[in-house]
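Here is the structure we will look at, set down as structure tokens.
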């Protein structure tokens, strides 16, 4: 008997669901002329971006349908849509992947629209250059940022150590580290995280030596000796207890909440200027940004103004010109700029920068000033990394730095090994 | 044991009343201790959802310093589309999936378990084979296929496969249970001239409530929790599911809303937990309670 | 209804000869195919195509963005001769399968047996024990696991009480895989529910009869519960093994998709995912997938072969 009643309940429930489903199962997607846009980011970015698409619709009447995803979800979805011949018209693109997508015609060169639909008269030259692959413009930089150290100033106060300035050197970090250890901040907080597996930090260090991560023709820009020296530098810091232990560092898997800074295990960590806001939101201590350490006093040129991200237009898009027009609006329109702020990085048009400067929050001001005043720290823009750069970073540099950290490999062994393996990956791709 | 409803009773041997009370107490203590281990994550999640944002990862205490429901309000309306829409979408997809899966899989399972036909073993092997290939490599061909069908951006790619018994897990599960039912029942019914359809509907299905409930529970929960399918096939926020909505709260490259994430995570557990509670009642209605007293 | 004796649970290995009612061949086939129809349509219409495509792609160089180039068996040759990460990920996965599956199943069965007794608050306990499985792939799990297994985590705080200073389990390459095995066991809800459903299908009168005959509980377990439960045990063993081989989510959320520290949690499918979507080598990833299918297929076929000797169906 019970069964019978239950089944009737079950069926009643299901017919209700079918009725609900019939209404919702295939929403009407028929629409007028419109552009599809895909970007990665969080809610804050989405709010600003949608505000701009609303402005654009009001001004030009073109509907830009935006969809946003988290970084990790973004790339599989974009790859699937592109492979399935269904790529969105406007694609947010990263420095790391732009060569990959450009060389395979998944994104379109925009040179033909420059001066017409796409107005870039006022655009910073280095940011324009950053969006080029093999001489053609494939991405419009949405903002510049720079690598920067996140600095927990509260922890520095507790340690009784002066917070780092733009003249900080690697040697001074050693001294700071010892001061931190003797002050025993919060049961053993270190002055800095283990940066040996950080590609931007390695890049910055190499550039100060006059080397580069990659050459313009996509080869490795340094030799085994340089790599060995890099690993030795960090092994020294690890052994002296200046940076965090390998075990602690391995807790960092990428998201903010796993970083040594947020976990309270280190007072400094390498990051980017535009992430100050994001880190401050999840921390109770006060944080600020400073430059990456120098090799020695007076040595600079490691930093550069990196395009934080681009907008590109899909190679398969049927509305390339309309998309270019939207991009032009996005980076030039003063109203749009006021909405966007510096959330994607420092705007690349001088007029826009001046217009928004007074409206910024304290943290945004810090970031803007930092990027605008790099001075002697600033070096030339490096060439776009080869397509295999991501693989070398993820599956070689990070793993190898852990092997050295845990003592599975000596720095002297890891240097040559890195060069051999990286060359193999570059040749394979 | 007298306080236990009769239909739950499984005879557990004949200890003295005192000893059985002690045993029962020990079992409860053990179960309670284990429950704490199981509950801890949920308590943490619950606490995190009421915390101020900057305390979530930096506070050592399990209890928030101030209780605030800001995260819930912000989270519910924070994305451009209200979470109510996501919940509705998830309900539609999961609900339809349950119906489709239970119907289609039980039919296929009945064929495999009880009927004889040519190439049965071959088809069964094929069905198992579909379980073994990692979905990551069929994703793109499948996307292309659904795109050609014009199904991208609708719920169809997520729901139709369920009506076509695409998840071999459930077929295999039901096969194992159907084969455990006494075969004399079918044979007797066959003697009486019952068609396979009647046997399936009147004998197999009513006797299989535990496994059907199991399948319903798993289908609902797994569909609810699935994000890769919705991620690939749904492109407009108004058709997002809850899981997809949750994943847009955090982004490792910029600002994240962890408070909103945890608050909505808590809410997202409520329907699947209720579904579980409701359907698990059917789990206990095994052969012993369906009038099959022998 | 026909009475069933205790012995009917015992093995009946011989398949019944052709059923008597439907004697003609076409009558014999039609009902089966009719019931199988939805699955057949789905299989042929939705599943086979993508599977065959992925098999084809495994013989190509396919970067997702341009059309695939035929490279013959190159992907397979490279995998076995020139890819250390392939072997690393295979070893990690094997280790995971060997330890997580039996432990998880034993745990699930033990708890299911415990919960199958007539105790108060049964539905509540069942729900509580299923809770971890409800959480699925939530970010909360990654955070939680760090709080438990990090150097200053819960486990080490407990160990410190007895004077042991533990390592950071989750981020030490020697132990990190074990924390994922523990995670897998902790989410034992689904095999538990399936065991419970199986136990519920065992007629209570069989126990009544046995206990009237004075059989001990252990004897009842060995003589009644286990034999009648073998189809479910078999199912859980096969499915959990396949799932463990394909296990992706735990490593993905805990290691942030990297498989670190030092590739100690580089599950096979995680490596496959990296190759496919991070490094744009879908052809190679497809080859990896088909090698996994072969490995799991051999294992499953072997299990089915041996099942004749220990799985008891009522036929």
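The values are calculated or read from the model by the stated rules, or taken from the named source; none is laboratory data. These numbers were taken from a predicted model, which means no experiment stands behind them. Using ideal geometry, Cβ is built from the backbone for each residue, glycine included, and neighbour counts are taken over all protein chains shown.
Structure above, values below:
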{"read-out": "Elements of type helices (runs of 4 or more DSSP H) contained in the range C:100-186, each with 1 or more residues being more than 26 Å from the chain's Cα centre (by Cα), closer than 30 Å to residue B:246 by Cα and modelled with pLDDT under 85", "value": "C:139-149, C:154-161"}
{"read-out": "Residue check for residue C:197: in a helix (DSSP H, G or I), buried (at least 17 other Cβ atoms within 10 Å of the Cβ) and within 20 Å of the chain's Cα centre (by Cα)", "value": "yes"}
{"read-out": "Breaking point among (1) at pLDDT 90 or above; (2) in contact with a helix residue (DSSP H, G or I) (Cβ under 8 Å, 6 or more places away or on another chain), for residue C:65", "value": "(1)"}
{"read-out": "Filtered residues of the range A:208-245 (kept if touching a residue at least 40 places away in the same chain (Cβ under 8 Å), exposed (fewer than 14 other Cβ atoms within 10 Å of the Cβ) and under 24 Å from residue A:189 (Cβ atoms))", "value": "A:240"}
{"read-out": "Residue count for the range A:377-429, restricted to those that are more than 16 Å from residue A:202 (Cα to Cα), facing chain C (nearest Cβ under 10 Å) and part of a helix (DSSP H, G or I)", "value": "5"}
{"read-out": "Neighbours by Cβ (under 6 Å, 6+ apart or cross-chain): first from the range C:146-168, farther than 18 Å from residue B:37 by Cα and more than 10 Å from chain A (Cβ to nearest Cβ); second at pLDDT 85 or above and assigned to a helix (DSSP H, G or I)", "value": "C:166/C:156; C:166/C:159"}
{"read-out": "Checklist (1) at the interface with chain C (Cβ under 10 Å from one of its Cβ atoms); (2) surrounded by fewer than 22 Cβ atoms within 10 Å (Cβ to Cβ) applied to residue B:84, failing item", "value": "(1)"}
{"read-out": "Enumerated helices (runs of 4 or more DSSP H) restricted to the range C:217-284, each holding at least 3 residues that are at pLDDT below 90 and at negative phi", "value": "C:217-220, C:226-245, C:249-254"}
{"read-out": "Residues within the range B:247-276 that are more than 10 Å from chain A (Cβ to nearest Cβ) and closer than 19 Å to residue A:75 by Cβ, tallied", "value": "0"}
{"read-out": "Boolean, residue A:106 is touching a helix residue (DSSP H, G or I) at 6+ places or on another chain (Cβ under 6 Å), within 12 Å of chain C (Cβ to nearest Cβ) and buried (at least 22 other Cβ atoms within 10 Å of the Cβ)", "value": "yes"}
{"read-out": "Of all residues making up the range A:252-282, the number that are within 20 Å of the chain's Cα centre (by Cα), on the phi < 0 side of the Ramachandran plot and part of a loop (DSSP other than H, G, I, E, B)", "value": "8"}
{"read-out": "Residue C:209 more than 30 Å from the chain's Cα centre (by Cα) and under 25 Å from residue C:112 (Cα atoms)", "value": "yes"}
{"read-out": "Matching option when the condition is more than 14 Å from chain C (Cβ to nearest Cβ) and at pLDDT 85 or above, among A:79, A:32, A:117", "value": "A:117"}
{"read-out": "Subset of the range C:295-315 (residues that are free of Cβ contacts under 8 Å to residues at least 40 places away in the same chain, closer than 21 Å to residue C:269 by Cα and within 9 Å of chain B (Cβ to nearest Cβ))", "value": "C:297"}
{"read-out": "Answer residue from the range B:122-158, given it is in contact (Cβ under 8 Å) with a residue 60 or more places away in the chain, more than 7 Å from every other protein chain (Cβ to nearest Cβ) and in a helix (DSSP H, G or I) and is nearest to residue B:218 (Cα to Cα) among those", "value": "B:158"}
{"read-out": "Filtered residue count, the range C:59-78, keeping only those that are more than 8 Å from chain B (Cβ to nearest Cβ), part of a loop (DSSP other than H, G, I, E, B) and closer than 16 Å to residue B:137 by Cα", "value": "6"}
{"read-out": "Selection within the range B:203-248 - assigned to a loop (DSSP other than H, G, I, E, B) and either buried (at least 24 other Cβ atoms within 10 Å of the Cβ) or not assigned by TED's automatic domain parsing to the domain that holds residue B:187 (or both)", "value": "B:208, B:240, B:241, B:248"}
{"read-out": "Residue C:303 vs. criteria under 30 Å from residue C:227 (Cβ atoms), touching a helix residue (DSSP H, G or I) at 6+ places or on another chain (Cβ under 6 Å) and in a helix (DSSP H, G or I)", "value": "yes"}
{"read-out": "Scan of the range C:19-56 for residues that are part of a loop (DSSP other than H, G, I, E, B) and either exposed (fewer than 11 other Cβ atoms within 10 Å of the Cβ) or modelled with pLDDT of 80 or more (or both), ordered by number", "value": "C:20, C:23, C:24"}
{"read-out": "Unmet requirement for residue A:292, which otherwise passes all of (1) crowded, with 23+ Cβ neighbours inside 10 Å; (2) within 14 Å of chain C (Cβ to nearest Cβ); (3) part of a loop (DSSP other than H, G, I, E, B)", "value": "(2)"}
{"read-out": "Residue within the range B:249-259 that is part of a helix (DSSP H, G or I), in contact (Cβ under 8 Å) with a residue 40 or more places away in the chain and out of contact with any strand residue (DSSP E or B) (no Cβ under 8 Å at 6 or more places or on another chain) present", "value": "yes"}
{"read-out": "Residue A:301 in contact (Cβ under 8 Å) with a residue 40 or more places away in the chain, in a loop (DSSP other than H, G, I, E, B) and within 14 Å of chain C (Cβ to nearest Cβ)", "value": "no"}
{"read-out": "Residues satisfying the stated conditions in the range B:195-216, i.e. within 10 Å of chain C (Cβ to nearest Cβ), without any contact (Cβ under 8 Å) to a residue 60 or more places away in the chain and closer than 16 Å to residue C:32 by Cβ", "value": "B:195, B:197"}
{"read-out": "Failed criterion for residue A:321 (all others in (1) buried (at least 18 other Cβ atoms within 10 Å of the Cβ); (2) within 30 Å of residue A:82 (Cα to Cα) hold)", "value": "(1)"}
{"read-out": "Residue match in the range B:172-190 (condition: under 28 Å from residue C:50 (Cβ atoms) and either touching a strand residue (DSSP E or B) at 6+ places or on another chain (Cβ under 7 Å) or modelled with pLDDT under 90 (or both))", "value": "yes"}
